[in-house]
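Values quoted throughout were computed directly from the atomic coordinates according to the rules given, and no laboratory measurement underlies them. Here the structure is a predicted model, which means the values were calculated and not measured. In this analysis, Cβ positions are derived from the backbone assuming ideal geometry, glycine residues included, and neighbour counts consider all displayed protein chains.
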């Protein structure tokens with residue numbers, strides 16, 4: 001089970017901030033979340049949305065293990 | 001020093017503490033960002049961070065600045081949570097031997113914090129709430145340093 005975190009506007013699209021999900025890769029996780037909520041799937045695939053695995057940015061796919069933390073990060077806006 | 005806080009802070013006090021006891025630093029530059037009221041459209045600004053990751057990413061940005069501008073020191077304080085109009089959101093201070101490096105490092109840090117540090121901003125006003133997207137200028141500002 002991976003822990004999934006959503007930030008910023010993604011939270012409002014999904015209606016949740018954090019959940020557990022059974023997926024072995026990031027691609028499988030995206031497919032799972034999309035199948036449950038097509039709007040969220042689309043929002044996660046939007047340009048500028050980055051993925052952090054265990055608090056490090058990853059590009060493309062990566063394997064997940066029990067206890068992995070996957071965060072979807074929409075475009076950042078600080079200052 | 002990198003601090004995220006959900007409490008209001010006093011930029012003057014931060015500057016005084018930062019500048020104290022330096023013998024080789026010739027220049028300290030600071031920037032303070034304030035929350036705008038936007039003519040009443042923003043009653044509260046809500047800032048979200050990713051605890052742990054946000055501090056680490058700011059640390060990475062700070063390391064780039066330290067090396068690139070040969071800084072003696074730097075300090076970044078950033079608010080999270082709910083912020084009222086007129087309250088400071090961000091304070092950046094840089095210390096260097098000479099002014100140009102201090103000014104440029106401050107400018108660089110703010111450009112990177114605007115669009116490359118993990119924060120998300122939501123504006124709450126009389127007409128509801130909306131997430132603030134980074135502007136094209138914010139990306140262009142950060143790209144100046146590439």
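For the reader, a short list of remarks on this structure follows.
- Per-residue packing, averaged as other Cβ atoms within 10 Å, sorts the ranges B:44-54, A:3-13 into the order A:3-13, B:44-54, beginning with the highest.
- Full extension of the segment from residue A:49 to residue A:28, taken as 0.36 nm per residue of separation minus the current Cα-Cα distance, would add 5.9 nm.
- Extension reserve of the residue B:97-residue B:43 stretch, reckoned as 0.36 nm per residue once the Cα distance is removed: 15.3 nm
- Degrees, to the nearest 10: B:99-116 long Cα axis against longest axis of chain B: 30
- Helix axis angle, B:53-68 relative to chain B longest principal axis, alpha carbon, degrees: 40
- Per residue, chain A reaches -8000 deg cm²/dmol at 222 nm when only DSSP H runs of four or more residues are counted, each adding -39500 (n - 2.57).
- Burial order of peptide ranges B:55-64, B:70-79 (average beta-carbon count within 10 Å, highest first): B:70-79, B:55-64
- For a label point 7 Å along the Cα-to-beta-carbon line of residue B:24, residues of the stretch B:70-93 with backbone N under 15 Å: B:70-74
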